[in-house]
1. Contact order normalised by length for region 235-384, with contacts defined as Cα pairs under 8 Å and 6 or more residues apart; what percent is it?
2. Would you mind getting the accessible area per residue of region 166-307, heavy atoms of the protein chains only, 1.4 Å probe, in Å²?
3. Classify region 251-384 as rounded, prolate or oblate from the Cα gyration tensor: take a ≥ b ≥ c as the square roots of its eigenvalues, call it rounded if a/c is under 1.5, otherwise prolate when a/b beats b/c and oblate if not.
4. Heads up, I need the accessible area for residue 297: 1.4 angstrom probe, whole protein in place, Å², nearest 10.
5. Accessible area, 1.4 Å probe, largest first: how do 313, 64 sort?
6. Could you look at region 194-339 and say what percent of its accessible area is carbon and sulfur, using a 1.4 Å probe and all protein chains?
7. Between residue 255 and residues 5 or more places away or on another chain, which pairs have amide H atoms under 5 Å apart, with H built 1.01 Å from N, and which residues are they?
8. Under the classification rounded if a/c is under 1.5, otherwise prolate if a/b is larger than b/c and oblate if not, where does region 178-333 fall, given a ≥ b ≥ c as square roots of the Cα gyration tensor eigenvalues?
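The values are calculated or read from the model by the stated rules, or taken from the named source; none is laboratory data. This is a predicted model, so every value here is computed, not measured. Accessible surface is based on the protein model in full, side chains and every heavy atom, while ligands, DNA and RNA are left aside. Shrake-Rupley method; radii C 1.70, N 1.55, O 1.52, S 1.80 Å.
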Amino acid sequence: MVRSLLVVPLLAAAGGGVWLARGALLRWRDLRAAETYELAGEHRPMLLRAAGAMVCGVCVTVLTLLTALGTFGALSGRGGAGGPAGPAGSVAGRFDGVEGGVGRAGGGWQAAPPAEAADAAAAVPPSPAPVVSRFDSVGHPGGGELLQSAVPGPDGHPRNVRVWLPAQYAKDPNTRFPVVVMHAATPRKTADAEVPDVFDGLASAVQNTKAKPFILVAPEAPNGTAHPCELVAAAPMAVADDAALRTTIAATFRTLPPGPAAWGTLGVEDGAPCAAAAGLSRPDLYGAAAAVSGRYDAAALARTGAEAPVTGTPRLLLAAGKADTAGLDAARKLQSALRAGTGAAARAEVRISDNATDYSADRVRLRLVRQAAQYLAEALGKAS
């Protein structure tokens, strides 16, 4: 009976301890990531979760001891030679004659409850610990706010996801924003680590070209290969259909509903093939894709477009600097391959940008990101 009574708080304390310990571990990983990117992180959430996990551990230990003592006392009270109540020298007798009990009222111990109450308590299963994706602020680039959390990937394993909120997000609390998913090309890194000036380019597009602001989502690239975007030829759907990411972002932030009317995708340099594959393979999910300074397997991406869902027309921007002859050649070959393809590939609306020039490679990339942001804002506006 006593064991049945204590099992509920025991399981609850154990579940809470596991949840808090997992949260502390995730916060610790976030701090390590922030240190890697030379960003300031907040230690308090991790410390609070770690302290809570320790308290739950102490509770589990105490409840386990109480359960063991209660079970021993109950068995001694029922199994003594003197009958159900046991002899005066039994464990039950020493605890003030409480039959099968585990405690003294004056000493803080509690008597065993009636069988009906204990059975009813044992019949109530412990509530599962809620799984919440909390995004912590890690910086304010481009005049907006950058946040980070761990979100399950397509394979079910957690990976870091960074979300950039434009300055207008805080200024317009009643407005919902479109979303652009930016793909990374380096394992275990997010795209903003590869293109740190991307936020300046997005903010500049809003300020200088009056482009509609959007939320940028940068998931961590998968591990297992040195060049994750090379997987798009073999499995483009795995790159494009990230349901857990869409669900988490839509539930956490003020976004427009996931779909081609309000969601797009972006890739810069080695991440460009991922963005092109996502836009071509899932026009039912992404209304536009922008690929900047990329090198492409034109035949593989043409097959990707040919196997895409019947619904939707892929919209794709292929941008490269004016002096990037190899990038422009790759973009034109991909455009020709898509036109000669079938299905959604043949229907794809492909635009090439070849006029960006400046005095340094970083400045050219900033201009290209600005062009991509303007294109995505316009294309998503047309889709809606």
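1. Rounded, it is 24 percent for region 235-384.
2. With all protein chains present, region 166-307 gives 37 Å² per residue.
3. Verdict is oblate for region 251-384.
4. 90
5. Sorted descending by solvent-accessible area, the residues read 64, 313.
6. The nonpolar share, carbon plus sulfur, comes to 55 percent.
7. Correct list: 177.
8. rounded
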